[in-house]
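Single-structure report; data block below.
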Amino acid sequence: MTDTLILDAIDAFLARDVAPHVHALEHDDIYPEAIVARMRELGLFGATIGTAYGGLGLPCATYADIVERIARVWMSLTGIFNSHLIMSAIVQRNGTEAQKQEFLPRFASGELRGGLALTEPDCGTDLQAIRVTARREGDKYVVNGTKTWISNGIYGSCFALLVKTDLTTEPRHRGMSMLLAEKGPGFSVSRKLEKLGYKGIDSAELVFQDYRVPEDRLIGGIEGRGLQHALSGLELGRINVAARGVGIAQAALDESLRYAQVRKTFGQPIAQHQAIQLKLADMATRTEAARLLVHRAAEMYDRGDRCDMEAGMAKLFASEAALENATEAMRVHGGYGYSTEFTVERLYRDAPLLVIGEGTNELQRIIIARQLVARNPV
Ligand SMILES: Cc1cc2nc3c(=O)[nH]c(=O)nc-3n(C[C@H](O)[C@H](O)[C@H](O)COP(=O)(O)OP(=O)(O)OC[C@H]3O[C@@H](n4cnc5c(N)ncnc54)[C@H](O)[C@@H]3O)c2cc1C
């Protein structure tokens, strides 16, 4: 299937299977089982997995277009396959051939779904401070500790789990490893986390109590590379969060453009008032600029170039654009923007996640600045 055909199929899926149901599912915070089944049929769980392993093998630029389109209709759906594909990318880039053969086809079909388990109750940004441990015992690792805020934690069954295999090594990242953890005895979900927005998708706290993982589930087969593995998946993660930002920013603009032409005050559509025109112009310009940054980062990713700075810039700019556009859309809608019957209130609740997830925007600025200095030594 060509990329154009795939994008057409996504548009048809969104119009028929998603748009009519978003309001009810979102407001009641219901996991969209039927939609997930359609996402499996469309191959979304294997979008960026290589064709040799049963995936669609799409370039990141096409993937970003898909994420933008879906986020325009309901951002939560993108989370159901995004963190799953980050886990898949980590295995595809760093796993042993046996791990790739065993897991990637099952990830690609969506038979085995899950995500990325990095964050803990006491640390998110400072990942080297994690406290989940994996102690070697015979041919197994015995895992203990708690992860939190894990997307797909309830409905997913396999996670790329960041652990400490050595608590004493310096620098601390040399003691970090990543395991492919499938649910089983000792691995439980302690609670579902309630959220401002991003409803429908499950965010959960995961508890490990003497959970045993076979040694061949150590990604890449070598201890001490866990942080590197996690970071190798985050470039893709940041591009997709940025693409979500473009989707939200565009949806806020679409809603505002429509409303501004039908709502009248002082005898004319509010789109004729200069104060509203200024907002629409700024919203459209921000959205377009964000989209260009996402495409640039995605094209670099597809060429295999290092793109942590570019992915960081795209994530930073697009997520702030989403937040600003969602706020402006609410103003354009006046009192109706505050009504749960209108789409813009959902955009307003969903957008803030983007400045936090996949590394906060404060962290993105730090990454960008470090890269600027590293790439321009004097
Ligand atoms: C809905 C949702 C879904 C999520 N899904 C996942 C998931 O699937 N997997 C997963 O592992 N995690 C997930 N997360 C967690 C998310 O990645 C973290 O919340 C995020 O990385 C920030 O970590 P923290 O919450 O611990 O904040 P902290 O690290 O405690 O940061 C608090 C504040 O301090 C700032 N800060 C921290 N360090 C610095 C510094 N050095 N310089 C300047 N400012 C700094 C931060 O930017 C932030 O403003 C999810 C979170 C949410 C809300």
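The values are calculated or read from the model by the stated rules, or taken from the named source; none is laboratory data. Source: prediction; values computed, not measured. Cβ coordinates were reconstructed from backbone atoms using ideal geometry, including for glycine residues, and neighbour counts include every protein chain displayed. The accessibility values were calculated without ligands, DNA or RNA, using every heavy atom of the protein model including side chains. Shrake-Rupley method; radii C 1.70, N 1.55, O 1.52, S 1.80 Å.
Suppose the Debye formula is applied to equal point scatterers at every Cα of segment 70-160; what is log10 I(q)/I(0) at q = 0.14, 0.16, 0.21, 0.26 Å⁻¹? The Cα Debye sum returns log10 ratios of -0.61, -0.78, -1.18, -1.29. If R0 equals 25 Å, the separation of the Cβ atoms of Leu196 and Tyr31 corresponds to a calculated FRET efficiency of about 0.90.
What the chain shows is 43 Å² of accessible area per residue, with the surface traced by a 1.4 Å probe over protein heavy atoms. Estimated translational diffusion coefficient (Stokes-Einstein, Kirkwood radius over Cα pairs, 25 °C, 0.890 mPa s) of the chain: 115 µm² per second. One decimal place: the segment Leu278-Val373 gains 30.6 nm when fully extended, by the rule 0.36 nm per residue minus the C-alpha distance.
Expressed as a whole percent, the accessible area of segment 227-378 that falls on carbon and sulfur atoms is 57 (1.4 Å probe).
Within the chain, the longest segment free of exposed loop sites, counting GluC sites (Glu not before Pro) that fall outside DSSP classes H, G, I, E and B and have at most 10 other Cβ atoms within 10 Å, spans 1-193.
With the simple model of a label 7 Å out from the Cα in the direction of the Cβ, Gln209 to Arg135 spans 1.6 nm. Under the simplified labelling scheme, the Thr169-Phe266 pair shows an inter-label distance of 6.7 nm, with each label point 7 Å from Cα along Cα→Cβ.
For segment 54-115, the alpha carbon convex hull comes to 77 Å³ per residue, rounded to a whole number. Remark: segment 185-196, residue by residue, has Karplus-estimated 3J(HN,Hα) of x, x, 10, 10, 9, 8, 6, 8, 9, 8, 9, 5 Hz, where x stands for each Gly or Pro and the curve is 6.51 cos²θ - 1.76 cosθ + 1.60 at θ = phi - 60°. Max-minus-min Cα coordinates of segment 1-102 on each principal axis give 43, 29, 19 Å, with the largest extent listed first. Using Cα centres only, tell me the gap between segment 1-70 and segment 261-277 in whole Å. For segment 1-70 versus segment 261-277, the Cα centre distance is 36 Å. If R0 is 51 Å, the Cβ-Cβ spacing of Ala24 and Ile366 corresponds to a FRET efficiency of close to 0.80. Rounded to the nearest 500, the 222 nm mean residue ellipticity of the chain from helices alone is -18000 deg cm²/dmol, with -39,500 (n - 2.57) taken per DSSP H run of at least 4 residues. Extension gain, Tyr155-Ala98: 0.36 nm per intervening residue step, less the Cα-Cα distance, totals 18.0 nm.
The angle between the Cα long axis of helix 274-303 and the main principal axis of the chain comes to about 30°, on a 0 to 90 degree scale. Restricting the trypsin sites (Lys or Arg not before Pro) of segment 295-340 to loop positions (DSSP other than H, G, I, E, B) with no more than 16 neighbouring Cβ atoms within 10 Å leaves Arg306.
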